[in-house]
Every structure is written in C-alpha cells, then in structure tokens.
Amino acid sequence: MKLVNLSPAICALLSSAAIAGCGSSTPPPNAVEARSAISAAEATGAQSDPVAALHLQMAKDQVRAADELIREGDRDEARLVLDRAEVDAELAQVLTRKSEMRARAQQAQQEIQRLQQSVQP
Amino acid sequence: MITMKWGLGVSPLALALALSSCGSTAPSPELVEARRTYDQVRYSNASQFAPARVLTAKQALERAELAHEDEPGSFEERSLAYVAQRRARLAAAYADIERSRREYETADQSYRQLQEQLRIQAQRQAEESRGNVGSMRQELAAQGQQLRDQQQQLDASRTELELRKAQLEKERRARELAEKNLAEIATVKQEARGMVITLEGEVLFPSGQSNLLPLARQRLDRVAEVLKEVDSSKTVLVEGHTDSRGSEQLNMRLSLDRANSVREHLISRGMEPSRLRAVGRGEQEPLVSNDSAEGRANNRRVVLVIQNSPQDESERGAPSKQEGKERAPRTPEQAPSK
C-alpha cells in the first residue's frame with residue numbers, strides 16, 4: 001500500500017524535476033541525518049520485523065534517489081526526499097521497538113500468571 | 001529499485017498528473033492518506049500516551065496542508081504529506097510503546113509483590129514446619145518420659161519378681177533339705193496350706209503319754225535345723241493327732257499335750273515361740289481307718305505345718321498373728337501355749 005503511494009510520488013518528483021527544473025540551489029542537502037536514522041533502525045533490529053524492514057528498505061531507496069537528484073542538481077527535491085527517507089528510517093526503528101515492548105509486557109504478564117498459580121495453592 | 005520497477009508502468013500517469021494538477025485543488029493521494037492516518041491517531045488514545053508526538057504529527061500535516069494550499073499537487077505537498085503520514089504513524093507507535101511500557105511497569109510491580117508474597121508464604125511454611133518439628137520434639141520428649149516411667153515400673157516389678165523368685169528358691173531348698181534330712185524320720189509333703197512334715201507318734205512318745213522319748217529329741221533337733229532354714233515369717237503349726245481308742249476328750253487332751261511337748265522342744269532349740277502354735281486334733285482327723293493296728297499307728301502322729309503366708313495380701317509378720325486369731329474359734333480345744 002505504502003509502496004504504491006510512494007512510488008508515483010517519486011516518479012512525479014523525477015518527472016516534474018526534469019520538466020519544470022524548478023530546483024533552486026540554497027545550502028546543499030546531505031544525507032547524514034537520514035543515514036544515521038537508517039543505522040539506528042538497523043541497530044534496533046528493524047530487519048527482523050516485517051513492517052519495519054519495509055520502511056527501512058524505503059528509507060534506503062529514497063536516500064539512493066536523493067543521491068541521484070543531487071547529482072542532477074535538484075537540491076530541493078533531494079532535501080524533501082531525504083526528509084522522507086529519515087522519517088521512514090525513524091518509523092522502522094520505532095516500530096521495532098514497539099514490537100519489542102509489546103513482547104516484553106506480554107512476557108511479564110505471563111510470568112505473573114505463572115507466579116499467581118504458585119501463590120494460590 | 002522500487003522506483004525503477006514502478007517507473008515503467010506508472011511514470012506516464014504520474015507525469016500526466018503532474019502536468020494537469022497545476023490548476024486543480026484536489027489533494028494529492030499522499031495528503032489524503034496523511035489526513036486519514038492522522039485522524040485515526042487523533043481519535044485513538046495516542047494523545048493520552050504520546051501527546052508530544054501527536055502534536056508533531058499535527059504540525060507535519062499542517063505543513064503539508066500549507067504546501068497543498070500553496071501549490072496543490074506539488075512535489076512539496078506530496079513529500080510533506082508523505083512525511084506527515086509517517087509522523088502520524090510514529091505518534092501511534094510511540095503511544096503504543098508508552099502503553100506497553102506502562103503495562104510492563106504495572107506487571108513488574110505486581111511481579112515483585114507476588115514475589116514478596118511468595119517469599120512470605122515460604123517463610124511462613126518454614127516457620128510452620130519448624131513449629132511442627134518443635135511440637136514433635138515435645139511429643140518425643142513426653143514419650144521418652146513415659147518410656148522411662150514404664151522402664152522404672154518394669155525394673156520395680158522385675159525386682160519384686162527377683163525377690164519372689166529368691167523366696168521360692170529358698171522354699172524349694174528348704175523342702176529339699178527337709179526331704180533329705182528327714183527322709184528316715186518323717187514324711188514330707190507339699191500341700192496347699194504349706195509344707196507338711198509328719199512324724200510317727202510311736203517314735204516320739206511312750207504310749208498314752210506326752211513326754212518325749214530320748215530318741216524323739218534327736219529327731220526333733222533335726223526338724224528344728226530344717227525349720228530354721230525356712231522363711232522366718234512363716235508360722236509353724238504343730239498338730240497332735242491320736243487314734244480312736246479311748247475317750248474323745250482324753251485323746252484331745254493327749255494330742256494337745258503332745259503338740260505342746262514338740263513345740264517346747266523346738267523352742268528350746270532356738271525357735272521363736274511366736275512362730276510356733278500347738279493344737280490338739282484328737283481323733284478327729286484320722287489319716288486312715290482305725291480298724292487295724294497298722295491304721296491306728298498311722299493315725300497317731302504329730303504334724304508340723306509350715307504354713308504358707310498369704311504373701312500378696314499382707315506384710316510378713318502380720319499374717320502369722322492374723323492366722324492365729326482366725327484359727328482360734330475353729331479349734332476351741334486349742335490350749336494357749338504355756
């Protein structure tokens with residue numbers, strides 16, 4: 001779903017950039033924040049969570065697309081694409097943590113049930 | 001890679017959209033999606049758990065809306081909407097994390113409470129079992145005391161038994177001695193009332209008299225030796241018997257006199273007077289028929305009864321006197337020992 005929504009946007013970006021050429025060059029964008037967000041997501045183990053892994057992949061793809069845009073001189077578009085990459089990487093990381101926290105809470109509750117059974121009799 | 005894959009089929013459409021969207025006010029699909037996602041988050045409990053994140057998501061959406069107003073369908077609008085949609089999802093995820101964290105903390109708290117409960121329970125059980133051990137120890141101590149008491153009783157009755165045995169042994173030896181020493185001069189029998197030593201009248205007294213023959217004295221000395229071996233608590237009854245010749249009254253007198261002669265001789269040989277009682281039975285208790293001379297000879301006799309004292313009922317010493325009194329009315333002919 002997200003993939004379907006995303007891809008036309010990138011295509012649109014690429015085509016509009018190509019046709020209108022509306023990129024005004026202010027400070028050069030860099031992928032530092034996006035890349036560190038990707039590293040953080042990978043460090044969290046985003047690859048092992050299916051949804052998180054998808055967003056991690058999107059983040060990486062968009063960083064690559066941004067690199068291409070920068071090479072072509074479309075700095076504003078590149079900046080926007082890098083923002084998307086960063087937010088996808090953050091989402092990948094947070095979704096992974098969410099799964100972990102849920103598992104931890106469930107485990108604790110199961111542990112309590114186990115203890116309660118040993119207290120009752 | 002994704003862009004390339006999609007690029008083939010979608011790019012012309014996207015291009016067309018980009019070209020035609022200049023005058024249109026319709027929101028981009030990204031903005032539609034961002035609004036929808038944000039609404040979901042706004043009406044969920046996310047603001048309760050992650051209000052700052054929801055605010056961030058709202059601001060991201062506002063930026064996308066601004067970009068839309070500025071230039072509907074622009075790349076900026078779509079990108080900002082894309083980001084806003086992620087921000088909304090991030091708010092939801094952060095809220096989820098916070099909720100799970102609180103659940104975990106609650107669980108952790110109850111976990112520790114339960115552990116404390118378990119610890120107290122285990123402690124109580126340990127104390128209980130310690131208490132049980134204590135009461136069992138008390139019980140054992142009580143049983144031990146009981147055992148010691150029983151042991152004492154047993155020891156006491158064993159001592160009594162030993163005494164009794166020793167006494168019986170002494171009696172047995174006395175009887176053996178009597179049988180051995182008196183074999184030629186008397187008959188020795190064990191009867192219910194005690195040991196019975198029967199001396200023939202012929203060897204003791206001249207006919208019709210109560211003074212002892214010299215030979216009789218020697219014989220009675222041997223009897224005295226035996227009697228000294230016998231339990232000193234036992235009374236010795238000296239019975240005189242006659243045959244049926246002559247008057248009954250005379251015979252009674254004679255038998256008593258003869259019994260007294262024997263008694264006195266035994267006293268003269270060191271026996272205690274209180275242990276000896278003399279009775280005359282006359283002709284009342286013949287052993288055999290008086291019809292023949294032999295029968296009459298057998299009936300003339302002096303009988304010494306070493307009386308069994310009722311051990312279980314009374315102390316030694318007492319029974320002899322008691323018995324003496326009881327016997328008295330049954331034998332009115334008895335003369336008090338002189």
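Structure summary
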item: Boolean, A:E68 is more than 7 Å from chain B (Cβ to nearest Cβ), farther than 30 Å from B:A107 by Cβ and not hydrophobic (A, V, I, L, M, F, W, C); result: yes
item: Qualifying position, being part of a helix (DSSP H, G or I) and at pLDDT 90 or above, among B:Q121, B:Q218, B:Q117, B:Q145; result: B:Q145
item: All helices (runs of 4 or more DSSP H) inside the range B:1-112 with 2 or more residues being modelled with pLDDT of 85 or more and within 30 Å of A:Q106 (Cα to Cα); result: B:29-42, B:46-49, B:51-70
item: In the range B:83-128, residue nearest to B:A52 (Cα to Cα) [restricted to those that are more than 7 Å from chain A (Cβ to nearest Cβ), of a type outside the set (S, T, N, Q) and in contact with a Phe, Trp or Tyr (Cβ under 9 Å, 6 or more places away or on another chain)]; result: B:A91
item: Failed item in (1) of a type outside the set (A, V, I, L, M); (2) at pLDDT 90 or above; (3) more than 30 Å from B:V230 (Cβ to Cβ), with B:D155 passing the rest; result: (3)
item: Some residue of the range B:89-112 being under 24 Å from A:Q62 (Cα atoms) and surrounded by fewer than 23 Cβ atoms within 10 Å (Cβ to Cβ); result: yes
item: Extreme residue, nearest to B:R99 (Cα to Cα), among residues of the range B:25-53 that are among the hydrophobic types (A, V, I, L, M, F, W, C) and in contact with a helix residue (DSSP H, G or I) (Cβ under 7 Å, 6 or more places away or on another chain); result: B:F49
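The values are calculated or read from the model by the stated rules, or taken from the named source; none is laboratory data. These figures come from a predicted structure and were not determined experimentally. As a convention, Cβ positions derive from the backbone with ideal geometry for all residues, glycine included, and neighbour counts pool all protein chains shown.
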